[in-house]
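Notes follow the structure.
The values are calculated or read from the model by the stated rules, or taken from the named source; none is laboratory data. Predicted model only: the values in this text are computed from it and were never measured. Quick reminder, even Gly has a Cβ in these numbers, built from the backbone with ideal geometry, and neighbours come from all protein chains shown. Quick note on the areas: whole protein, heavy atoms, side chains included, nothing else; ligands and nucleic acids left out. Shrake-Rupley method; radii C 1.70, N 1.55, O 1.52, S 1.80 Å.
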Amino acid sequence: MDIYTTIDSPLGEILLAGDGTALTRVSFDGAASGAGTRPGREPGAFAEVERQLGEYFAGERTSFDLPLGARGTAFQERVWAELAGLPYGTTISYGALAARVGAPADRIRAVGAAVGANPLLVLLPCHRVVAADGALTGYAGGLERKRALLTLEGVLQPQLWSTL
């Protein structure tokens, strides 16, 4: 990570990091992981990302137009490319995602691991990947955030009670 900043969102603090030309990481709770103490903090460097995320959280944006620079294995990048094409307001099962990337049925866990390694939360919408029965499973930002993102996108109905 060359430069980074943190921004506030309705779901908590988000870490934005990049190499100066493209985003390489978007994650929740960036300050909690010690990002706030490392050199390279540039608060204004991600103004366009902050604007687009603000529009998304306000329900005014359904896709992003940002330079992304996530790097992983060839398999991870294939899975992440498929994530990028998942339409707003939809979900897909891990098995269906595996089929889309040409992974055999016995490689669904590998697909799940690639989804879990996604370094660009929200922008590469891994929150749209669910279990075969529609259950919400693993999310690096936490299941409550996954539920909130899917509710924002209209996939889930808002809860009428407190979960406290």
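Observations, loosely collected:
- Selection of segment 65-115 for residues being hydrophobic (A, V, I, L, M, F, W, C), closer than 16 Å to TYR139 by Cβ and assigned to a loop (DSSP other than H, G, I, E, B) yields only LEU86.
- Residues that are open to solvent by 40 Å² or more (accessible area, probe 1.4 Å), outside any loop (DSSP other than H, G, I, E, B) and of a type in the set (Gly, Ala, Ser) are absent from segment 157-164.
- Contacts under 6 angstrom Cβ, first residue in segment 86-108 being without any contact (Cβ under 8 Å) to a residue 12 or more places away in the chain and under 16 Å from VAL155 (Cβ atoms), partner aromatic (Phe, Trp, Tyr) and surrounded by fewer than 17 Cβ atoms within 10 Å (Cβ to Cβ), 6 or more apart: none
- For segment 127-142, the set of residues classified as open to solvent by 30 Å² or more (accessible area, probe 1.4 Å) and β-branched (Val, Ile, Thr) consists of THR137 only.
- All conditions in (1) within 25 Å of ALA148 (Cβ to Cβ); (2) in contact (Cβ under 8 Å) with a residue 12 or more places away in the chain; (3) exposed (fewer than 13 other Cβ atoms within 10 Å of the Cβ); (4) not charged (D, E, K, R) hold for ALA47, with the sole exception of (2).
- Only one of GLY154, GLY138 that is out of contact with any strand residue (DSSP E or B) (no Cβ under 7 Å at 6 or more places or on another chain), assigned to a loop (DSSP other than H, G, I, E, B) and more than 22 Å from GLU55 (Cα to Cα): GLY138
- The single residue among PRO119, PRO67 that is open to solvent by 60 Å² or more (accessible area, probe 1.4 Å) and not aromatic (Phe, Trp, Tyr) turns out to be PRO67.
- GLU77 vs. criteria more than 15 Å from VAL26 (Cβ to Cβ) and open to solvent by 60 Å² or more (accessible area, probe 1.4 Å): yes
- Conditions (1) crowded, with 16+ Cβ neighbours inside 10 Å; (2) modelled with pLDDT under 95; number of the one not met by LEU83: (2)
- In the set (1) crowded, with 20+ Cβ neighbours inside 10 Å; (2) within 26 Å of THR21 (Cα to Cα), ARG61 fails one condition alone, (1).
- Among the conditions (1) open to solvent by 40 Å² or more (accessible area, probe 1.4 Å); (2) modelled with pLDDT under 95; (3) of a type in the set (Ser, Thr, Tyr); (4) in contact with a helix residue (DSSP H, G or I) (Cβ under 8 Å, 6 or more places away or on another chain), the only one that THR91 does not satisfy is (2).
- Segment 104-116 - residue that is modelled with pLDDT under 95 and not basic (Lys, Arg) and, of those, surrounded by the most Cβ atoms within 10 Å (Cβ to Cβ): ILE108
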